[in-house]
1. Go through the residues of region A:560-571 one by one and say whether even a single one is away from RNA strand B (no atom under 12 Å from the Cβ), part of a loop (DSSP other than H, G, I, E, B), without any contact (Cβ under 8 Å) to a residue 60 or more places away in the chain and under 26 Å from the mean Cα position of the chain (by Cα).
2. Being farther than 23 Å from A:PRO450 by Cβ, modelled with pLDDT of 95 or more and out of contact with any His (no Cβ under 9 Å at 6 or more places or on another chain) narrows it down to one residue among A:ASP523, A:ASP509, A:ASP554; which is it?
3. So is A:VAL434 more than 34 Å from the chain's Cα centre (by Cα) and at pLDDT 95 or above or not?
4. Taking only pairs six or more apart or across chains, which ones have beta-carbon atoms under 7 Å, a first residue in region A:128-153 that is more than 19 Å from A:HIS435 (Cα to Cα), and a second residue that is surrounded by fewer than 20 Cβ atoms within 10 Å (Cβ to Cβ) and of a type in the set (Asp, Glu)?
5. Working only within region A:481-539, note down all residues that are farther than 19 Å from A:ASN125 by Cα and among the polar types (S, T, N, Q).
6. At least 2 residues that are without any contact (Cβ under 8 Å) to a residue 60 or more places away in the chain in each: list the strands (runs of 3 or more DSSP E) lying fully within region A:461-553 that qualify.
7. Which one of these is more than 16 Å from RNA strand B (Cβ to nearest atom), more than 34 Å from the chain's Cα centre (by Cα) and crowded, with 17+ Cβ neighbours inside 10 Å: A:ARG546, A:ARG489, A:ARG506?
8. Kindly check whether there is at least one residue in region A:774-784 that is small (Gly, Ala, Ser) and in contact with a strand residue (DSSP E or B) (Cβ under 6 Å, 6 or more places away or on another chain).
Amino acid sequence: MKYDHKLIEPKWQKAWEDAGIFHAETNSTKPKFYTLIEFPYPSGQGLHVGHPRSYTALDIIARKRRQQGYNVLYPIGWDAFGLPTENFAIKNHIHPKEVTKKNVARFKSQLQSIGISFDWSREINTTDPAYYKWTQWIFLQLFKHDLAYKKEMAVNWCTSCKCVLANEEVVNGVCERCGSEVVRKVKSQWMLKITAYADRLISDLDLVDYPDRVKAQQKNWIGRSTGAEVDFTTTTGDTLTVYTTRPDTLFGATYMVISPEHPLIEKLSGVIGNMDEIRAYQAEAAKKSDFERTEVAKDKTGVRIDGVEAVNPVNGRQIPIFISDYVLVSYGTGAIMAVPAHDTRDWEFAKKFDLPIIEVVKGGEDVQQAAFTDCATGILVNSDYLDGLSVEDAKKRIIDKLTETGKGRAKVNFKLRDWVFSRQRYWGEPIPIVHCPCCGAVPLPESELPLELPDVESYEPTDNGESPLANMTDWVNTKCPKCGAAAKRETDTMPQWAGSSWYFLRYMDPHNDTALASKEALDYWSPVDWYNGGMEHTTLHLLYSRFWHKFLYDINVVPTPEPYAKRTSHGMILGENGEKMSKSRGNVVNPDDIINEYGADTLRMFEMFIGDFEKAAPWNSNSIKGCRRFIERFLGLAAVMTDGAAIRPELEGAFHKAIKKVGEDVENLKFNTAIAVLMSLINDIYATGSVTKEELRIFTILMSLFAPHAAEEVWSEGKLGSGFVSIAEWPTYDESKCVENTVEIAVQVNGKVRDKIMVAADIDQEGALALAKASAKAAAFIEGKTIVKEIYVKGKLVNIVAK
RNA sequence: GCCGAUGUGGUGGAAUGGCAGACACGCUUGACUCAAAAUCAAGUAACGAAAGUUGUGCGGGUUCAAGUCCCGCCAUCGGCACCA
């Protein structure tokens, strides 16, 4: 059979679509299986060879599940709002809607040419008003539950582009596009209170099957820490509360530091002696971008506040107060007690300002030379009633004491900040809020959703940092839904993360116009059984969508507390030179070229064979040929097929092992070794010179996961079964037939292989050793020595230890 | 600095503590061919004529046996980073 992939592949793609075999039905007597890939952003560059890696992997899982009798949902859609499209639209004076339409069409045809078993009848697009109606609806629910609020926030402002940048667009403190300086500008921003879910976002990780590194990264990002708040009084009679994770070191606090923005400064401005100096420092700190503030991390700066001191609540000692930008206003209380003996930053600051360093935890080196921060081994000293306790016990003891006396309390803090939800951009979901002079921020009635994006003349960001929508006076001016007075619409739009925070729910019921999805569909399909995506989405996308899902769970919209039961992640496909693929590096591989030259089956096979799925792998043009050759050899089997209705005895072990191993490897994402097993098996088959019909039938089903088009072709040409191999029954294996009758075992002397012998697989230790000792090669190494130990590992080796 | 990965032939990569290098690429030789391509067959870690020795980033250790386990380093990558 001549292998013409250009003929075969479109033929079967059309046949599958016509027969609708990949369409998922809500409700079925079969068990459900919902598998999901991260829906792509339809960029102008078209599909990248990285996309098919993930899509093919879960396609393999989806195909196997169908063959195992599951009702499978494997959907696809478009995460189409976003900056690149908007920028392209601005530059070329085309409406972003048109740009998106064109890009989606291109992506769609590219994806369809790979033969992924997506259910195209459930295709969604985040920029479709019928879709973003529900994104806006979710926002309204968040608003109604006080989880969306407006706040003055510093945003990134590019001085040259005169526009607001997302954090991702700021690289090393400069604008990603033009390279000019980015400064902070204060603007009123919509925020989502994700911090209210911080604890559950950590604890519910116990409910899901994610890789440990993903869980670790999420926990890291949320940054939960336990400690205490301690109330210090000041000599002016005010209270200065600090947060600390080391309340045990309270006796060692020799000064305090508050952030430059701390409100106490204004309050005491009349009492402070050096207000000019302090104002100058505040101004200096405010000018610095986040980038600069972290860059100068090594050298501590600060100013001592004159005229006010703090009083340590446990020993009544009076200590100075400083302001310094190493204390952040946004974390804890914006104030710290400094214990230089046991905190590296405090130690550096103390050295610079010549402040006393008092050791309160014994066990390290001289604290005058370096801070001792180890919590595990230290014993408290110089701490009155804490003396002699371990750090852990001292923490408990001091928190009890502080709680009793009302001077402190146990406290948990998070690094996680609320989600900045506003974008001053055109190409995003309008935020469905009306600002009324008398009623304030009023939510749009749900009946008025979707609030569609108006057509504007220009999508250019404005000079003043307002959204382009702000210029659309017709659209902006409206009536307050509550009191009817003249009011203005919110002109900010939502970030790209919004549409992708719930899209997996829409797939369950994509055409519903009365709910984001029907209760029936949600109950049936929830949760997503297996979600694969990139590590780059581990923190933001995963966290945001988990947050929204938990909220929807709390308001009884969705039936499960977690959206994804299992998450796996794929490694990146790198360029041939081992670097990240990018236009500027000139190492981009276009999947279309590969499909054109070798076919989609080869592309799929190669991307799965390229290496460990979870690790990054460099592209290698040479190895592609091996995969193409393998598929050709597979097609060639049809020519040597005999009528045999069984597996021949000499291949029985190999077949049963292959069924087992391919099945297991696929479940564990070990696609490369699964393919290696099939390659070995085909080598074994060719060694016999022929293949029976039954052998080819089984082999074709196994192959159909990786090379579905070629498999359908062999299936139909060889009349191996009815219908499509894509939905043929997955073969079973017999464990007892996975073992060979005779095996080769190694004969070791003192751990070194000296010979190899054939033995019966079930031979006992005595028998194996007898045969091993009969080996002349081994005997030469035993001669003249005394055997002190003999080891037999069944089916593997014997080891004779001789001295 | 903290968290998490990774380090194996010429290359991509395999190896529940049990024969290191499966499978594939490449290369060498042979068959077929007027010739080439394709295909098929054999070989292919290094050193050594051979017997054999040495080999999984480096240094130790545990074990009959270590790529795998333990201790201490080095390098590369990803994430976070003055979070008290």
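The values are calculated or read from the model by the stated rules, or taken from the named source; none is laboratory data. Keep in mind that what you see is a predicted model, and the values were worked out from it rather than measured. We place every Cβ from the backbone using ideal geometry, glycine too, and count neighbours over all the protein chains shown.
1. So far as region A:560-571 goes, yes, one or more of its residues are away from RNA strand B (no atom under 12 Å from the Cβ), part of a loop (DSSP other than H, G, I, E, B), without any contact (Cβ under 8 Å) to a residue 60 or more places away in the chain and under 26 Å from the mean Cα position of the chain (by Cα).
2. Result: A:ASP523 is the single residue among A:ASP523, A:ASP509, A:ASP554 that is farther than 23 Å from A:PRO450 by Cβ, modelled with pLDDT of 95 or more and out of contact with any His (no Cβ under 9 Å at 6 or more places or on another chain).
3. Details: more than 34 Å from the chain's Cα centre (by Cα): yes; at pLDDT 95 or above: yes.
Here the answer is yes, as A:VAL434 does meet what is asked.
4. Once the first residue is more than 19 Å from A:HIS435 (Cα to Cα) and sits in region A:128-153, its partners that are surrounded by fewer than 20 Cβ atoms within 10 Å (Cβ to Cβ) and of a type in the set (Asp, Glu) give A:PRO129/A:GLU452; A:ALA130/A:ASP513.
5. Those that are farther than 19 Å from A:ASN125 by Cα and among the polar types (S, T, N, Q): A:THR491, A:SER526, A:ASN532, A:THR538, A:THR539.
6. On the way: elements: A:477-479, A:486-489, A:530-534.
In region A:461-553, the matching strands (runs of 3 or more DSSP E) lie at A:477-479, A:486-489.
7. Answer to the check: A:ARG489.
8. Yes, region A:774-784 contains at least one residue that is small (Gly, Ala, Ser) and in contact with a strand residue (DSSP E or B) (Cβ under 6 Å, 6 or more places away or on another chain).
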